[in-house]
1. What's the total number of residues in the stretch 52-71 that are closer than 23 Å to ASP41 by Cβ and surrounded by 15 or more Cβ atoms within 10 Å (Cβ to Cβ)?
2. Among LEU42, LEU34, which is hydrophobic (A, V, I, L, M, F, W, C), farther than 30 Å from ALA128 by Cβ, open to solvent by 50 Å² or more (accessible area, probe 1.4 Å) and in contact with a helix residue (DSSP H, G or I) (Cβ under 8 Å, 6 or more places away or on another chain)?
3. Any idea how many residues of the stretch 119-155 are within 17 Å of LEU100 (Cα to Cα), among the hydrophobic types (A, V, I, L, M, F, W, C) and open to solvent by less than 70 Å² (accessible area, probe 1.4 Å)?
4. Pick from SER93, SER113: which is surrounded by fewer than 15 Cβ atoms within 10 Å (Cβ to Cβ) and in contact with a helix residue (DSSP H, G or I) (Cβ under 7 Å, 6 or more places away or on another chain)?
5. I need the helices (runs of 4 or more DSSP H) fully contained in the stretch 38-125, keeping only those with at least 2 residues that are within 18 Å of LEU20 (Cα to Cα) and in contact (Cβ under 8 Å) with a residue 40 or more places away in the chain.
Amino acid sequence: MNVHDIQQNPDEHGRFAAYLDMLEHVADPDEADLVSHVLTDLDQTMAQSAVLRHLDRRAAGLYPGPAYQKWAQAMAQATSGRPFLDQRLREWSLFRAITLKLPWQPENLLASSNWLQLKTAAGTNTEAIETLAEAGRTKRIRNAARTGLNHRSES
């Protein structure tokens, strides 16, 4: 089945599942083109949701290694002009920098989404966790960061 056949299906749930299946099995060289094609679906909420799930799955596997940079650049081009997807890719790059102890700015973490702040609060970078314990966006984030710090001090 190809993307054009999928787009003929009037059921957005069926299209969503088909897109996820295609994205999960796409060869690396064809990934950016497939993402771009999925984003041509008339139901932009559904299409962007499928791509978001794909980005999260791929980034989770790639961020620790050197292949992440090239992949993120290709995905940024494929998702260009879609603010939420652009933001998620930027946040994965910030998460990568924080986790791998590459250069990052605390103000970028504090300006990030709840998703990234919670993900970082559960991580291993003490400086980032301390930043979130003190000034995280929500009480939930601050508490999660404090809990993480307490567990570190007890071990």
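The values are calculated or read from the model by the stated rules, or taken from the named source; none is laboratory data. Just so we're clear, the structure is a prediction, and the values are computed from it rather than from any experiment. Here the Cβ positions follow ideal geometry from the backbone for every residue, glycine too, while neighbour counts run over all protein chains shown. Quick note on the areas: whole protein, heavy atoms, side chains included, nothing else; ligands and nucleic acids left out. Shrake-Rupley method; radii C 1.70, N 1.55, O 1.52, S 1.80 Å.
1. Adding up the residues that qualify gives 7.
2. Working: LEU34 fails: open to solvent by 50 Å² or more (accessible area, probe 1.4 Å).
It is LEU42.
3. Qualifying residue count for the region: 3.
4. Exactly one of SER93, SER113 is surrounded by fewer than 15 Cβ atoms within 10 Å (Cβ to Cβ) and in contact with a helix residue (DSSP H, G or I) (Cβ under 7 Å, 6 or more places away or on another chain), namely SER113.
5. Numbers: elements: 44-62, 67-78, 83-99, 106-110, 114-121.
Hits in the stretch 38-125: 67-78.
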